[in-house]
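Let me begin by presenting the structure, written as structure tokens, before commenting on it.
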Amino acid sequence: MKTPLIAPSILSANFGNLARDIEMLNTSKADWIHVDVMDGVFVPNISFGFPVIKAVKKIAEKPLDVHLMIVEPDRYIQQFKEAGAEILTVQYEACTHLHRTLQAIKAGGMKAGVALNPHTPVNLLNDIIHDIDMVLIMSVNPGFGGQKFIEHSYTKISKLKELITKAGSNTLIEVDGGVTLQNYKQLVKAGVDVLVAGNTVFASADPAITIETLKQV
């Protein structure tokens, strides 16, 4: 198994000491910094806006992996680029014209990702997989951190890996939701390239050691 990329989710960071937590990620073995953007419409929660992302970008030395859980993401693509996103992921369920959205993200100089909610089958990406840099499998229902991992996600990841391999695509597989020290090896074995971990990292006694552990497969 190849070593996964680790993208700690700052949704679980200490907002009162966000700069401190970003500095910790800078010096850790983390590869990316995962930023969940929620609008209170697509999901029943509200999180970071542009000012916070810009502030994080000023401190972060790792690429910002921004996941948009919002309606009408096309309206804000350029703004997220300007705020500092290097990877921009949109929800399949929020995009009527997904191909156009992906092209707009790439035209902005970012990597383009597509996230699938737990109920959305991977075969819907058959005709567009070559245009996607990364597919994010949501292994919990989006909106809140700390949820229990949905076990069917293993099968879904394996199906997606098969689709990508069959198509001869270089698309990465990312997983977000309920990633723990108990299941991360199985996720990588199923085909995951990027592990998003929130509570597992930030609620641990030593987040930097936990990140290092997640890279040991």
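Read the figures in this text as sums done on the coordinates, not as results from a lab. Predicted, not measured: the structure shown is a model, and the values here were computed from it. Note that we place each Cβ from the backbone using ideal geometry, even for glycine, and neighbour counts take in every protein chain shown.
A few remarks follow.
- Straight-distance crosslink candidates among lysines, where the alpha carbon sits under 19 Å from residue 106 and sequence neighbours closer than 8 are dropped: 81
- The stretch 1-85: relative contact order in percent, alpha carbon pairs under 8 Å with at least 6 residues between: 31 percent
- Prolate/oblate/rounded call for the stretch 49-97, Cα gyration tensor, a/c under 1.5 rounded: prolate
- The aspartates and glutamates whose alpha-carbon is closer than 16 Å to the alpha-carbon of residue 57, local same-chain residues fewer than 8 away aside, are 21, 23, 31, 36, 65, 82, 86.
- For the stretch 107-217: rounded, prolate or oblate by the Cα gyration tensor [a/c cutoff 1.5]: prolate
- In this structure, the residue pairs whose Cα-Cα separation is over 23 Å, taken from 54/161; 29/111; 2/161; 2/156; 29/185, are 54/161.
- Choice from 174, 86, 162 showing the highest fluctuation, given a GNM over the chain with Cα pairs closer than 10 Å: 162
- Computed on the stretch 5-214, with alpha-carbon pairs under 8 angstrom and 6+ residues apart, the relative contact order is 21 percent.
- Taking 34, 119, 99 as the candidate residues, the one with maximal mean-square fluctuation in a Gaussian network model of the chain, Cα springs under 10 Å, is 119.
- Cα gyration tensor shape for the stretch 5-214, rounded if a/c is under 1.5, else prolate or oblate: oblate
- Distance between the 7 Å Cα→Cβ label points at residue 123 and residue 206: 4.8 nm.
- Sequence of 200, 171, 213, 89 once ranked by neighbouring C-beta atoms within 10 Å, starting from the fewest: 213, 171, 200, 89
- Ranked by the mean number of other Cβ atoms within 10 Å of their residues, highest first, the peptides 1-8, 43-50 come out as 1-8, 43-50.
- When each of 124, 18 is scored by the number of other beta-carbon atoms lying within 10 Å, the sequence from fewest to most is 124, 18.
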